[in-house]
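Below: the structure, in structure tokens.
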Amino acid sequence: MVDQVAKTLKEMGAVDVFGVTGGSIMAFYDALDVVGGFNIYMFRHEQGAAHAADAYGRVKGRPAVVAVTSGPGATNIVTGVANAYMDSSPTFFITGQVPTSVFGRDAFQETDIVGVIAPITKFVYQVRREEEAIPAVKTAYRLAYEGRPGPTVVDFPRDIQLKRCDCRSDGFLPVRFEKYRPPDPDPEAIDEAVRLLLSARRPVILVGGGVYWARAWPEVIEIAERLWAPIVTTLPGKNSVPADHPLVMGPAGMHGRAEGDAALANADVILAVGTRFSDRTVGRFEPELREKKIIHIDIDPSEIGKNVKPAVGIVADAKKALRMIIERMPKVARRDTRFVEWLLYIRRRYEEAMEELAKKIRLFAPWKVLKLLRRIVPRDTITVTGVGSHQMWAEIHWDVYVPGTWITSAGLGTMGFCVPAAIGAKIAARDRTVLCIDGDGSFQMTMNNLALVRDYNLPAIFVIFDNRALMLVKQWQIFLYERRIVATHFTERPDFVKVAEAYDIEGVRPASYEELEKWVRWAVRNNEPIVIDVAIDRETDIVYPWVKPGEWLTNALLPPGMEDVSLVYEE
Amino acid sequence: MEARYRLWMRVFGGLDGVMRVVNILRRGKVRYHELRVKFDGAYASMDVCLEGVSDEVRWVAAKVERLPEVEEIRVELPKGEDREEASLLLEAR
Ligand SMILES: Cc1ncc(C[n+]2csc(CCOP(=O)(O)OP(=O)(O)O)c2C)c(N)n1
Ligand SMILES: [Mg+2]
């Protein structure tokens, strides 16, 4: 049976397999070898395999295969599955399962993984009869990328894996795939959207990760240019528009850019595309957001009206809907440039304030490190992050030039994402530079997967923003818990340079920006992996701007030197 | 304004499919009055009577509709109420 499954996967082009083997999945691994043509990547922890597949799926648009054993193997992927679910990443998992004869008997390594994982998957199916195996695999694999992508799982009992079966079925499970094809945009809704946009005094375009999946950034930019409307993004939406376009203000939200927050906060009409309106992006939903007219375009009907009630909701492929809007809009619609000029003034003031702040900082300033890295690595470098203050610094200061090159754990905020995700991205795009911007806490959660770097020749650049702290939590302690620092300071262990050496990777601890630059250039030029331990002072590593939880965007905490700047626009 | 609604679905995948629907129902900010399931070969038909504001009911219905296991779904107001408004719950998306 497993041989036929392997052949099916090969026919579908799913030949990159990530995981850890074990008693309930070894028959499947054996079949991969018998059938041949697969690339098997031995991860050191199943969570790593899952995150790697997440990044791989985002880069390729098609899933890798994650294959793990039953029980602990299956439960170890749970965080990775949840992450892929929250960030709509095309991922496909096969979990081994104990034989059907011992189901429910607490057999060795039995876990009801279908029950565990059901609420965090786009689809999950347990194969109970051999003739279901191939339809289940084909259905789950296709569902992972059809429509809004997401994780899918096939749970595969050992006895069924081992059954002989001539039941070569070419079919699928009875799933209506058509429902994942978005309907054509409703022309009346499009007309209403155009009317709202043309009558807006300060229209703003809010771009989510969905714009990347729809390949709709040219349309977003065209509408922005016609209306001279600023473009702001969500955290995953950074992946969807080139940051060096003059109308892209960058992300808004809890750790958005000051000009991004100001743009969104002062808009009267918001054209929101491919975003679920996370609380992280808007700070709070009421009362300010209620006063704005929102046009919400999304491929997933369940997103519209979920967090905010739009004036116009359009379920459609973003590219198609935006094209229709463009067709119905005058070539030069309306150009009042004052709002954008004001936003660019805020940007300038923010950059100046940060430049001043950097002079007062001991060791490295995180944002200066990011700007230095950006100068050196190629424009199409795939950049992955961990979760914490370093991620927030990257949200604010890392410019994504090429859509599709920004991979971060946005929805779940999973520490430990960076190392394996960088490895997965490199597997998906071996010809590209891959940069992992990590925190010392995040790095320690999955650094065991560094073993794959040399094992499979996957040179990536790992930069650890090493503040010896769980800094983002510490920042909350400082501002929200009267500076009581509890369980957020690390000791000096481990030595990351030695960790790198243990995995046969160059490990360095630069003492200056010049030295940092030298090492990054060396790694890029020679296509060599490197772990760079960048020392950051945990006493001063406070991320600005910051919109405290439950606050509105204009109340963002700005860096010293911006006391005279208000984010409220006055005409 | 709160009202009572009836949600009807045809679901594939046996009890696992039913569980996946229930997982979504659990997260809706509505009250449940009745849940009936009938199995018929590969499919189950589920009948749910729930009460809540229309936005929340719409959230539940829209989320359930997205499940691959859900082959068909209808939302109805109980007898005597405006049926058209109920079908709008699924269409006004
Ligand atoms: C798996 C996991 N555990 C806990 C958290 C809560 N958390 C969010 S940020 C953070 C600190 C991250 O530390 P580090 O990776 O060193 O980044 P820093 O904030 O110091 O830059 C923690 C503990 C989380 N997001 N993920
Ligand atoms: Mg840290």
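The values are calculated or read from the model by the stated rules, or taken from the named source; none is laboratory data. The structure presented is a predicted model; accordingly, all values stated were derived computationally and were not measured. Counting neighbours? That spans all protein chains shown, and the Cβs are built from the backbone with ideal geometry, glycine included. Remember, those area values only see protein heavy atoms, side chains included, never the ligands or the DNA or RNA. Shrake-Rupley method; radii C 1.70, N 1.55, O 1.52, S 1.80 Å.
Structure notes:
- Residue A:413 satisfies every condition listed in (1) of a type outside the set (A, V, I, L, M); (2) more than 16 Å from ligand 2 (Cβ to nearest atom); (3) part of a loop (DSSP other than H, G, I, E, B) except (2).
- Members of segment A:497-554 that are over 15 Å from residue A:373 (Cα atoms) and part of a helix (DSSP H, G or I): A:497, A:498, A:499, A:500, A:501, A:502, A:526, A:553, A:554
- Within segment A:289-306, the set of residues being out of contact with any Pro (no Cβ under 7 Å at 6 or more places or on another chain) and more than 10 Å from chain B (Cβ to nearest Cβ) comprises A:289, A:290, A:291, A:292, A:293, A:297.
- Elements of type strands (runs of 3 or more DSSP E) contained in segment A:10-128, each with 1 or more residues being more than 14 Å from every other protein chain (Cβ to nearest Cβ), aliphatic (A, V, I, L, M) and open to solvent by less than 50 Å² (accessible area, probe 1.4 Å): A:16-20, A:65-68, A:91-97
- Qualifying residue in segment A:325-341 (condition: surrounded by 22 or more Cβ atoms within 10 Å (Cβ to Cβ) and in contact with a helix residue (DSSP H, G or I) (Cβ under 9 Å, 6 or more places away or on another chain)): yes
- Residues (part of a loop (DSSP other than H, G, I, E, B), away from ligand 1 (no atom under 14 Å from the Cβ), under 18 Å from residue A:426 (Cα atoms) and not hydroxyl-bearing (Ser, Thr, Tyr)) located in segment A:363-410: A:377, A:378, A:379, A:380, A:400, A:402, A:403, A:404
- Filter result (within 24 Å of residue A:555 (Cβ to Cβ) and buried (at least 18 other Cβ atoms within 10 Å of the Cβ)) within segment A:275-306: A:275, A:276, A:277, A:280, A:281, A:282, A:283, A:289, A:292, A:293, A:294
- Sub-9 Å Cβ pairs linking a first residue in segment A:166-191 that is of a type in the set (Ser, Thr, Tyr) to a second residue that is open to solvent by less than 20 Å² (accessible area, probe 1.4 Å), at least 6 apart or interchain, are A:169/A:133; A:169/A:134; A:169/A:135; A:180/A:143; A:180/B:68, ordered by first then second residue.
- Extreme residue, nearest to ligand 1 (Cβ to nearest atom), among residues of segment A:471-484 that are within 29 Å of residue A:421 (Cβ to Cβ) and open to solvent by 50 Å² or more (accessible area, probe 1.4 Å): A:473
Quick grid of which residues meet (1) touching a strand residue (DSSP E or B) at 6+ places or on another chain (Cβ under 7 Å); (2) open to solvent by less than 10 Å² (accessible area, probe 1.4 Å); (3) aliphatic (A, V, I, L, M); (4) not assigned by TED's automatic domain parsing to the domain that holds residue A:442:
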residue: A:365; (1), (2), (3), (4): no, yes, yes, no
residue: A:370; (1), (2), (3), (4): no, yes, yes, no
residue: A:379; (1), (2), (3), (4): no, no, no, no
residue: A:390; (1), (2), (3), (4): yes, no, no, no
residue: A:408; (1), (2), (3), (4): yes, yes, no, no
residue: A:413; (1), (2), (3), (4): no, no, no, no
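- Put simply, of A:487, A:511, A:500 the only residue that is more than 16 Å from ligand 2 (Cβ to nearest atom), among the aliphatic types (A, V, I, L, M), more than 21 Å from residue A:406 (Cβ to Cβ) and open to solvent by 30 Å² or more (accessible area, probe 1.4 Å) is A:511.
- Scope segment A:460-484; condition within 13 Å of ligand 2 (Cβ to nearest atom) and either at pLDDT below 95 or of a type in the set (Val, Ile, Thr) (or both); matching residues: A:463, A:464, A:473
- Segment B:58-70 residues that are within 7 Å of chain A (Cβ to nearest Cβ), paired with ones that are among the hydrophobic types (A, V, I, L, M, F, W, C) and open to solvent by less than 10 Å² (accessible area, probe 1.4 Å) (beta carbon under 8 Å, 6 or more apart): B:58/B:89; B:68/A:123; B:68/A:143
- Flag if residue A:563 is assigned by TED's automatic domain parsing to the domain that holds residue A:502 and assigned to a loop (DSSP other than H, G, I, E, B): no
- Filter result for residue A:495 (within 16 Å of ligand 2 (Cβ to nearest atom) and without any contact (Cβ under 8 Å) to a residue 24 or more places away in the chain): yes
- Taking the criterion of being farther than 27 Å from residue A:211 by Cβ, open to solvent by 10 Å² or more (accessible area, probe 1.4 Å) and within 12 Å of another protein chain (Cβ to nearest Cβ), no residue of segment A:136-154 qualifies.
- Taking each residue of segment A:440-469 that is within 21 Å of residue A:370 (Cα to Cα) and looking for partners that are hydroxyl-bearing (Ser, Thr, Tyr) with beta-carbon atoms closer than 6 Å, six or more apart or interchain, yields A:469/A:488.
- In segment A:421-464, residue nearest to ligand 1 (Cβ to nearest atom) [restricted to those that are among the acidic types (Asp, Glu) and open to solvent by less than 10 Å² (accessible area, probe 1.4 Å)]: A:440
- With a requirement of 1 or more residues that are at pLDDT 95 or above, the helices (runs of 4 or more DSSP H) lying completely within segment A:256-362 that satisfy it span A:258-265, A:318-327, A:338-359.
- Test: residue in segment A:163-183 that is of a type in the set (Gly, Ala, Ser) and closer than 26 Å to residue A:64 by Cα: yes
- Any hit, segment A:547-559, residues being open to solvent by less than 50 Å² (accessible area, probe 1.4 Å), more than 24 Å from residue A:364 (Cα to Cα) and of a type in the set (Ser, Thr, Tyr): yes
- Condition check for residue A:425 on (1) part of a helix (DSSP H, G or I); (2) within 16 Å of ligand 2 (Cβ to nearest atom); (3) touching a strand residue (DSSP E or B) at 6+ places or on another chain (Cβ under 7 Å): one failure, at (2).
- Check on residue A:345, away from chain B (no Cβ under 14 Å) and open to solvent by less than 10 Å² (accessible area, probe 1.4 Å): no
- Filter result for residue A:164 (out of contact with any His (no Cβ under 9 Å at 6 or more places or on another chain) and either within 25 Å of residue A:63 (Cβ to Cβ) or not assigned by TED's automatic domain parsing to the domain that holds residue A:25 (or both)): no
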